[in-house]
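Contents: one structure, followed by commentary.
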Amino acid sequence: MNLSIIVALSENNLIGINNDLPWHLSADLKRVKAITMGHHLIMGRKTFDSIGKPLSGRPIIIITRNKDYKAKGCTVVPSLAEGIKAAKDDNEAFIFGGGEIFREALPLVNKIYMTRIHQRFEGDTYFPELNMEEWKQVSHNEFPADEKNNYPFSYINLERIMM
Ligand SMILES: NC(=O)c1ccc[n+]([C@@H]2O[C@H](COP(=O)([O-])OP(=O)(O)OC[C@H]3O[C@@H](n4cnc5c(N)ncnc54)[C@H](OP(=O)(O)O)[C@@H]3O)[C@@H](O)[C@H]2O)c1
């Protein structure tokens with residue numbers, strides 16, 4: 001099974017504020033849906049609370065230390081390792097955030113689907129700094145702001161360099 005991260009981040013690596021996204025970017029929401037459709041999404045409990053509901057066509061695995069936590073239609077696990085195990089029959093599973101889960105999962109993933117929003121934002125949750133000696137960029141497509149997307153952005157796909 002391939003384990004990948006999918007993330008949208010600002011120029012200053014911000015990913016969240018007040019348990020929400022710092023921006024609304026319609027193109028990114030569509031891209032996330034297209035890439036992840038049919039695959040498992042593994043996420044921290046705070047990210048699930050922020051989304052608030054299951055997402056169509058994608059099994060959700062929620063990581064929490066709370067043994068009593070329940071979410072209708074979702075699988076709840078006590079650790080990242082258990083989350084990955086629960087998705088083992090998928091050919092690609094996605095680490096869906098947020099900051100805590102990205103940090104813990106980063107050493108384990110081979111691919112990052114990144115949307116870079118070319119703007120600085122203020123907030124409280126950041127993506128971990130990447131060591132670019134470990135990653136190669138396999139594609140980079142830039143888009144200008146338009147009537148549906150307030151900021152210019154790029155889709156950047158990274159793959160881990162196998163040593
Ligand atoms: N821009 C993006 O692409 C993107 C994507 C996803 C999320 N976000 C944003 O990121 C923010 C949320 O991120 P966050 O870092 O605050 O929270 P998070 O990573 O979504 O969830 C943290 C929670 O996960 C559980 N957890 C974490 N590590 C664990 C472990 N090792 N074992 C068991 N449980 C563990 C704990 O849940 P319990 O407290 O229940 O034990 C912890 O409170 C929000 O602002 C959200 O909008 C942005």
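No value in this document is a laboratory result; all are computed from the given coordinates. Just so we're clear, the structure is a prediction, and the values are computed from it rather than from any experiment. Please note: Cβ atoms are built from the backbone with ideal geometry, for glycine as well, and neighbour counts cover all protein chains shown.
Of the trypsin sites (Lys or Arg not before Pro) found in region 63-131, those that fall in a DSSP loop while having at most 15 other beta-carbon atoms within 10 Å are R65, K67, K70, K72, K88, R120. Return the long-range amide H neighbours of I6 (sequence gap of 5 or more, or a different chain), with a cut-off of under 5 Å between placed amide H atoms. Amide H neighbours of I6, under 5 Å, 5+ apart: I95, Y113. Which residues' amide hydrogens lie under 5 Å from the amide hydrogen of I17, considering only partners 5 or more residues apart or on another chain, with H built in the peptide plane? So I17 has HN proximity to D124.
When the chain is described by a simple charge dipole with +1 on each Lys and Arg Cβ and -1 on each Asp and Glu Cβ, the residue from M162, V77, M114 located farthest towards its positive end is V77. Of the GluC sites (Glu not before Pro) found in region 69-163, those that fall in a DSSP loop while having at most 11 other beta-carbon atoms within 10 Å are E122, E129, E133, E147.
Kirkwood radius for the chain, taken over all pairs of different Cα atoms as the inverse mean of 1/r, rounds to 16.2 Å. For region 86-94, the Karplus equation 6.51 cos²θ - 1.76 cosθ + 1.60, evaluated at θ = phi - 60°, returns couplings of 5, 9, 5, 7, 7, 6, 8, 10, 10 Hz by residue, with Gly and Pro reported as x.
Quick one: helix 26-36 against the long Cα principal axis of the chain, what's the angle to the nearest 10°, folded into 0 to 90? The angle comes out at about 50 degrees. Toward the positive end of the charge dipole of region 2-146, with +1 on the Cβ of Lys and Arg and -1 on the Cβ of Asp and Glu, the farthest Cα among N12, S56, F94 is that of S56.
For the pair A81 and R160 in one chain, pulling the backbone fully straight at 0.36 nm per residue adds 26.5 nm over the alpha carbon distance.
For region 1-75, what's the relative contact order in percent, using C-alpha pairs closer than 8 Å and at least 6 residues apart? The normalised contact order for region 1-75 reaches 23 percent. Rounded to the nearest 20 debye, the dipole magnitude of the chain is 600 debye, with +1 charges on Lys and Arg beta carbons, -1 on Asp and Glu beta carbons, and the Cα centre as origin.
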